[in-house]
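Please read the structure below before turning to the comments.
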Amino acid sequence: MEDLLGPLVNTDEATKKKSRKRSILIACAGFLLILFVSIPFVFYHAINMTTNTWLFAFGITILVWFCLWLSVHFGLDQHTRSIDPHFLILPAMCSSLLICLYIYIAPELRVLVLAGWFAVLLFGAGLLGFKQAFLLSSFTACCYLATVALLINKGRGLSLEYEFWLLMPQLTFWCYGATVLERLKRHRSENIRLRLQLREMALFDALTGLANRRMADLFLTEALQQNDGQLFYVAMVDIDGFKDINDDYGHAVGDDLLIDIANIIKQQLSHHDFCARLGGDEFVVILKKTNAAGANTALNNIRKAFNRHISQHNICAQAQVSLSIGVTVSEANATKSLLLKRADEQLYKAKQAGKNQLSACLSD
Ligand SMILES: Nc1nc2c(ncn2[C@@H]2O[C@H](COP(=O)(O)OP(=O)(O)OP(=O)(O)O)[C@@H](O)[C@H]2O)c(=O)[nH]1
């Protein structure tokens, strides 16, 4: 059934871990790219940096990203899941520190590097939300000012006041962009929620949670199209005397009984099989990867389990409640409507023959 639906959101933990590791490798590659781009500048002395300093920055970069990669590999990121579900905050903080290290080594590039990093942090607002992303940007700004203070202390001709005013427009632009991105993210989440809700309403029965007629239609169409030479069995299941239960015990009791039968059918089926509520007290069951004897047994098990449930829980003791089932088999050139019609005919036969039984037309 999941094949028919297709995932709207990917929730698989292994896939998430893989994508986190990939993101860390991509981010590391980005940082190494910054360092490699600086090589010609170093070579032509446009940046005041020695080869040893460059190698130091290279080594620290590799070390930081390797540690982050290991923490995902060994699942340590699970511990910060509640505050950082996407494992973005720690890598972003490490990146801010690395950026400040680069600025400390080559202050000539500070405007470029800082502007680039703020642009990257903007996307954080889409993923983390405005508040956390704003804290990250403030953390970066503080680290930056601390780096500048260290440089001033070292005798580099920088002015803390000038750097502060350099930061302000970047932070202002960042705040504006982040607000827009966060709003877009909220719209996207709302969109996904509505799509899930819509799909739920379109394909599932609100009372029993089973698939509905539309979904049954899709499943049958797919089963017929698969054409893998394997027969499958289509059964109609109907509660006997359901109208009397509604009339004598009330609709709420009738509803509970429908939920019970849905659960019983689900319990008796394997994951290849399918069941749906067509409407009222009528259900369709489709059995795959079985033979006539297997289909007979599975359907009779549903009937017996229902009878057991009724007598064990003393449900509607004054009424005669049971299940009638009609089943047919798919065959070459069978169509959806033909299969449903034949199963319905068998159900009618079961009712005519006294109810609480299975009537089959299995020609394999
Ligand atoms: N409680 C409840 N009743 C429903 C629902 N949908 C349809 N019904 C009732 O289900 C009953 C179906 O009755 P039938 O299948 O025609 O009658 P029956 O008594 O089961 O007769 P047989 O199938 O011949 O044994 C009707 O009385 C409908 O009003 C529902 O969602 N909840």
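The values are calculated or read from the model by the stated rules, or taken from the named source; none is laboratory data. It should be emphasised that the depicted structure is a prediction, and the values quoted were computed from it without experimental measurement. As a convention, Cβ positions derive from the backbone with ideal geometry for all residues, glycine included, and neighbour counts pool all protein chains shown. For accessibility, only protein heavy atoms count, side chains too; no ligands or nucleic acids. Shrake-Rupley method; radii C 1.70, N 1.55, O 1.52, S 1.80 Å.
Assuming R0 = 22 Å, can you tell me the calculated FRET efficiency for the pair Ser270 and Glu331, based on Cβ-Cβ distance, to the nearest 0.05? Please list the in-between numbers first.
Values: r = 22 Å, r/R0 = 1.00.
It comes out at approximately 0.50.
Rg/Rh for the stretch 133-198 (Cα atoms only, Rh after Kirkwood) is 1.30.
Sequence gap at least 6, Cα distance under 8 Å: using those rules, report the relative contact order of the chain to the nearest whole percent.
Relative contact order, the chain: 13 percent.
How do the peptides 326-337, 92-103 rank, highest first, by the average count of neighbouring beta carbon atoms within 10 Å per residue? It would help to have the intermediate numbers written out before the result.
On the way: 326-337: 16.5, 92-103: 20.3.
So the peptides 326-337, 92-103, ranked by packing, come out 92-103, 326-337.
Using a probe of 1.4 angstrom and keeping all protein chains present, the accessible surface of the stretch 213-361 works out to 49 square angstrom per residue.
Under the convention that each Lys and Arg Cβ holds +1 and each Asp and Glu Cβ holds -1, the size of the dipole of the stretch 2-200 around its Cα centre is about 200 debye.
Would you please put 107-116, 184-193 in order of how densely packed they are, using the mean number of other Cβ atoms within 10 angstrom per residue and starting with the highest?
Those peptides, ordered most packed to least, come out 107-116, 184-193.
Within the stretch 45-98, all pairs of alpha-carbon atoms sorted by distance into 10 Å bins from zero give the percentages 21, 42, 22, 13, 3. Note on Lys289 and Leu196: the extension gain reaches 30.5 nm, defined as 0.36 nm multiplied by sequence separation minus the Cα-Cα distance. Calculated on C-alpha atoms, the gyration radius of the chain divided by its Kirkwood radius gives an Rg/Rh of 1.26. Taking the average, over residues, of other Cβ atoms within 10 Å as the packing measure, peptides 238-246, 165-173 rank 238-246, 165-173 from highest down.
Maximal additional length on extending the Ile62-Ala46 stretch stands at 3.3 nm, based on 0.36 nm per residue less the C-alpha distance.
Rg and Dmax, both from the Cα atoms of the stretch 94-175 and both in Å, are 12.4, 40.
Computed from the C-beta positions of Tyr176 and Asn300, the FRET efficiency with R₀ = 51 Å rounds to 0.15.
Listed cross-link partners Lys16/Lys289; Lys17/Lys289; Lys18/Lys288; Lys288/Lys351; Lys304/Lys351; Lys17/Lys266 are compared with a 28 Å cut-off, the Cα-Cα value being larger for Lys16/Lys289; Lys17/Lys289; Lys18/Lys288; Lys17/Lys266. A Stokes-Einstein calculation at 25 °C with viscosity 0.890 mPa s, built on the Kirkwood radius of the stretch 213-361 over Cα pairs, returns a diffusion coefficient of 158 µm²/s.
Given R₀ = 41 Å, FRET efficiency for Asn307-Met93 by Cβ-Cβ distance, to 0.05?
0.05
More than 21 angstrom separation, counting every C-alpha pair in the stretch 2-200; what % is that? The calculated P(r) of the stretch 2-200 puts 60 percent of pairs beyond 21 Å. Length gained on full extension, Arg156 to Ser19, computed as 0.36 nm times the residue gap minus the Cα-Cα distance: 45.1 nm.
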